[in-house]
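Take a look at the structure set out below.
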Amino acid sequence: MTKQVFTGGHTALALGVCYYPEQWPEQDWADDARQMHALGLHYVRIGEFAWSRLEPRQGEFCFGWLDRAIDTLASAGLKIVLCTPTATPPKWLIDAHPEILPVDPVSGHTRGFGSRRHYDFSSPVFLREASRISAVLAQRYGCDDRIVGWQTDNELCCHDTSHSASNTARENFQAWCERRYGDISSLNTAWGNVFWSMEYSSFASIELPFNAVTETNPAHQLAYRRFASEQVIHFHNSCIEAIRPHAPSQWITHNFIPMKDTQVNCFDLARPLDFVSYDSYPLGRSEFLLGREQPELARRYMRTGHPDYTAYYLDQCRGLKNRGFWIMEQQPGPVNWAPSNPRPAPGMVALWTLEAIAHGADVVSFFRWRQAPFAQEQMHAGLLRSDRSKSDAWREVETVVRVLGALAPLPLPQPVAQVALLADVSAQWVCDIEQQGQKAEAHKVAFQFYSALRGLSVAVDILGVDADLSAYALVVIPSLPIVPDPLLSSLGTIDATVLFGPRCGAKTEEFGIPAQRAPGVLQSFLDIRVNSVETLRPDVREAFSYRGETFHSRLWCEDLEVGSASVEMSYQSGRAGLVRNGRYYYLSTLTDDPFLDRLLENLLTGADVDWRKVPGDVRYLRRGQVCFAFNYGETSTQLAVDDQLEFLLGGRELPGHSASIWLDDRTAD
Ligand code: GAL
């Protein structure tokens, strides 16, 4: 076994692909492997859902096919990423232990066998079985140097699986409550259970916060979400611990979905991994974001995705461990799971791949090699069609391979940002639990701020609430109702300008109104109190003026009592909308995009951060001297750069749906 140099799982930019040898005739494997290598792919991810083939009956293992697949792929020059198959417990296991199945919190029905992710994070049996199969695989392949690393499970919590209403979930939740609150009267007080006679007399009598007549206590719901998040992390940590001792030189990653969809503290989830991976499906995700609320934008970007939405998740991924990451699954054509599934515009597969690299990815791996002619994902494109002919994405991958060749000799440090945007799953929990008005969702609020910053061509680090903020000039906290103490201290000591969005500081740790009203602990920075909150219909706007211009407030609007803070923006009635004490700003409303642009322009200027407004569909980013520009629009545009510069891809003229890459060391960070 050769000891690999541990650089986070990769030594250079590279491409890969997801492959399921067990789904194809063995006689195709060698040719598949040859074609992968000839295309310029370096990595192949296998084994992900193969439990029923690896262990057809309890304790009876069939490794022959996997050994042969590894031989074939490795002999063709590919490096292998091996997955643990825990996302798909086989039928024999479910038959022997039906209690593994999760229970849907909404309907109360058991979610049965026949698809995937049919396990309950609370199940001790499944925890044991998942650890067992992970260890068995790691014992066999952990010292095989053809295998460079591991992917655990698949997309933890996808398909709304972080929550379950099973009996085991209830028992585990009761035990969790006992550990957290110590005695039942403390829990009753913390949750305010006197309201509506919800008091419990023992931990054993605590219900799950589902299926009551109307809403259950928000504090109860928050506690359940905290518990569920910890439980997912505990499950995942156990799977990692089962692999580590047997795989000392191989890395371990996991392919994440967006943080808001996991409902889990992804910063904690990522902690024991060597690096994180992300599954990038720009079209479907963008359609879910825009489809119903902004149909004209959804139409405009239906073949490209919103220019900032993919990048938002790429930056989220980089921030999870503050280092490079992989795209483990990159959409190569139409998918099968969104409300509509258009073809990407020609050029977009290459653009998305290069954009991932611009934001810090080291490896991009396409999902999947060959379109499956059977089972659930027949309508999902691969690099090959089901008959093994080459799909539209093939040529774009060839283009990317050439570009990576040109980038290979260059140093490629991670993007450097002077702006940090803080994210915490608790913000999403609070707005899911207590909507007050529809549409004011934390992840959409955060995205609006992010998009405004990217439209000003500013690099953004998306960080957790315990991050070191000392290197930033501007810290933006779009939504954080519960402000943890360490963050409060850190915000008090850094020099950055800090912008808080509405609802920040509005809740205590146990989902109550702070003693001094909102923004609670933030009153140590800002001399204000929230008198009341109103939420508005999505089609209502209220005008306010800021530095002589008129903008609009929407959805969520607070009425502030202002002490010593200066009023920076106000409504016609004189009511304050943006206030400031020194370097701390509090924005008490959600607004239209033009206002956020103007506000952030001013804050960036004040914080000495360079910015420039870029045309709507063009985005810039740099990694050291390597500069990238992406055009999500249909029409060509001229980049505002010197044409004497050395272009590695494209030129100053940037056609629609394409990328330019050039070298510029004059302003390299
Ligand atoms: C991902 C998943 C893959 C496949 C793909 C389809 O979420 O990890 O297994 O289902 O979606 O787009």
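The values are calculated or read from the model by the stated rules, or taken from the named source; none is laboratory data. Remember, it's a predicted structure, so these values are computed and weren't measured experimentally. Quick reminder, even Gly has a Cβ in these numbers, built from the backbone with ideal geometry, and neighbours come from all protein chains shown.
Return yes when Ala345 is away from the ligand (no atom under 16 Å from the Cβ), over 30 Å from Pro272 (Cβ atoms) and part of a helix (DSSP H, G or I) and no when it is not. No, not satisfied.
If you go through segment 146-172 and pick out every residue that is away from the ligand (no atom under 16 Å from the Cβ) and within 26 Å of the chain's Cα centre (by Cα), you end up with 6.
Given segment 604-669, what strands (runs of 3 or more DSSP E) lie entirely inside it while holding 2 or more residues that are in contact (Cβ under 8 Å) with a residue 60 or more places away in the chain and not hydrophobic (A, V, I, L, M, F, W, C)?
Numbers: elements: 618-623, 626-631, 646-649, 658-663.
Where strands (runs of 3 or more DSSP E) fall fully within segment 604-669 and carry at least 2 residues being in contact (Cβ under 8 Å) with a residue 60 or more places away in the chain and not hydrophobic (A, V, I, L, M, F, W, C), they are 618-623.
Do we find that Phe113 is surrounded by fewer than 19 Cβ atoms within 10 Å (Cβ to Cβ), hydrophobic (A, V, I, L, M, F, W, C) and modelled with pLDDT of 95 or more in this structure? Here the answer is yes, as Phe113 does meet what is asked. Restricting the first member to segment 334-345 and to residues that are outside the structural domain of Ser391 (by TED's automatic domain parsing) and over 15 Å from Gly382 (Cβ atoms), and the second to residues that are near the ligand (Cβ under 10 Å from one of its atoms) and hydroxyl-bearing (Ser, Thr, Tyr), no beta-carbon pair is closer than 6 Å while six or more apart or on different chains. Picking from residues in segment 48-102 that are among the aromatic types (Phe, Trp, Tyr) and within 16 Å of the ligand (Cβ to nearest atom), the one that is surrounded by the fewest Cβ atoms within 10 Å (Cβ to Cβ) is Phe49. Exactly one residue among Gly512, Gly563, Gly577 is surrounded by fewer than 16 Cβ atoms within 10 Å (Cβ to Cβ), free of Cβ contacts under 8 Å to residues at least 40 places away in the same chain and assigned by TED's automatic domain parsing to the domain that holds Pro484, and that residue is Gly563. Just one of the listed residues (Thr508, Thr550) is hydroxyl-bearing (Ser, Thr, Tyr), in contact with a Pro (Cβ under 6 Å, 6 or more places away or on another chain) and either under 15 Å from Ile477 (Cα atoms) or modelled with pLDDT of 95 or more (or both), namely Thr508.
Residue count for segment 370-385 satisfying the condition of being surrounded by 12 or more Cβ atoms within 10 Å (Cβ to Cβ) and within 15 Å of the ligand (Cβ to nearest atom): 10. Criterion first (touching a residue at least 24 places away in the same chain (Cβ under 8 Å), farther than 30 Å from Thr493 by Cα and assigned by TED's automatic domain parsing to the domain that holds Glu434) does Glu549 satisfy it? So Glu549 passes the test.
Within segment 17-47, restricting attention to residues that are under 22 Å from Phe63 (Cβ atoms) and among the β-branched types (Val, Ile, Thr), the residue that is surrounded by the most Cβ atoms within 10 Å (Cβ to Cβ) is Val44.
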